[in-house]
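What follows draws every value from the coordinates through simple rules; no lab data is involved. It should be emphasised that the depicted structure is a prediction, and the values quoted were computed from it without experimental measurement. With ideal geometry, Cβ positions are generated from the backbone for all residues, glycine too; neighbour counts draw on all protein chains shown.
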Amino acid sequence: MAYDYDDTNIFARILRGEIPSTPLLETVHTLAFRDIAPQAPEHVLVIPKGRYVTYDHFFAEASDAEIVDFARAVAKVCAAIGAEAHSGGKGSRAITNAGEHGVQEVPHFHLHILAGRPIGRMISRD
């Protein structure tokens, strides 16, 4: 499958320093920052620094080092915001949207981590 990456998307511009963000964590391959329109008391976006459009694109083509770095960064973000479910925290919800049916708005793979209150059901049953 071909993945067309748009270098003008907002996350690419954040990575280049053209748009400011509020970083929570930065590693060699990953950037985590607070969402500008939070949907929960804690709402952090975690993005790879590579040019990946969706989660399936990332996990299909990223290097092992990028994948491990991203996963460890997510764990560090959960710890930083007190959302470690495995060690006494109250947990979080991790969401990523992909493609048209996933209602993806920014064509750069990103993971939303929401915490700090009960988030509710993921989807309603129709």
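Okay, here's what the table says:
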quantity: Residue match in the range 57-73 (condition: aromatic (Phe, Trp, Tyr) and outside any helix (DSSP H, G or I)); calculated: no
quantity: Residue ID - farthest from the chain's Cα centre (by Cα), chosen from residues in the range 72-96 that are closer than 26 Å to TYR5 by Cα and surrounded by fewer than 17 Cβ atoms within 10 Å (Cβ to Cβ); calculated: ARG72
quantity: Tally, over the range 1-20, of residues that are free of Cβ contacts under 8 Å to residues at least 60 places away in the same chain and either within 23 Å of ARG117 (Cβ to Cβ) or surrounded by fewer than 17 Cβ atoms within 10 Å (Cβ to Cβ) (or both); calculated: 11
quantity: Complete set of residues in the range 51-98 that are within 13 Å of HIS112 (Cα to Cα) and among the basic types (Lys, Arg); calculated: ARG93
quantity: Residues satisfying the stated conditions in the range 108-124, i.e. surrounded by fewer than 20 Cβ atoms within 10 Å (Cβ to Cβ), in a loop (DSSP other than H, G, I, E, B) and touching a residue at least 12 places away in the same chain (Cβ under 8 Å); calculated: GLY116, ARG117, ILE119, MET122
quantity: Selection count where residues are without any contact (Cβ under 8 Å) to a residue 60 or more places away in the chain and either surrounded by 11 or more Cβ atoms within 10 Å (Cβ to Cβ) or touching a strand residue (DSSP E or B) at 6+ places or on another chain (Cβ under 9 Å) (or both), scope the range 97-107; calculated: 5
quantity: Single match in ASP69, ASP35 (criterion: charged (D, E, K, R), surrounded by 17 or more Cβ atoms within 10 Å (Cβ to Cβ), under 18 Å from ILE14 (Cα atoms) and touching a residue at least 40 places away in the same chain (Cβ under 8 Å)); calculated: ASP35
quantity: Qualifying positions in the range 32-49 - within 9 Å of the chain's Cα centre (by Cα) and farther than 12 Å from HIS112 by Cα; calculated: PRO48
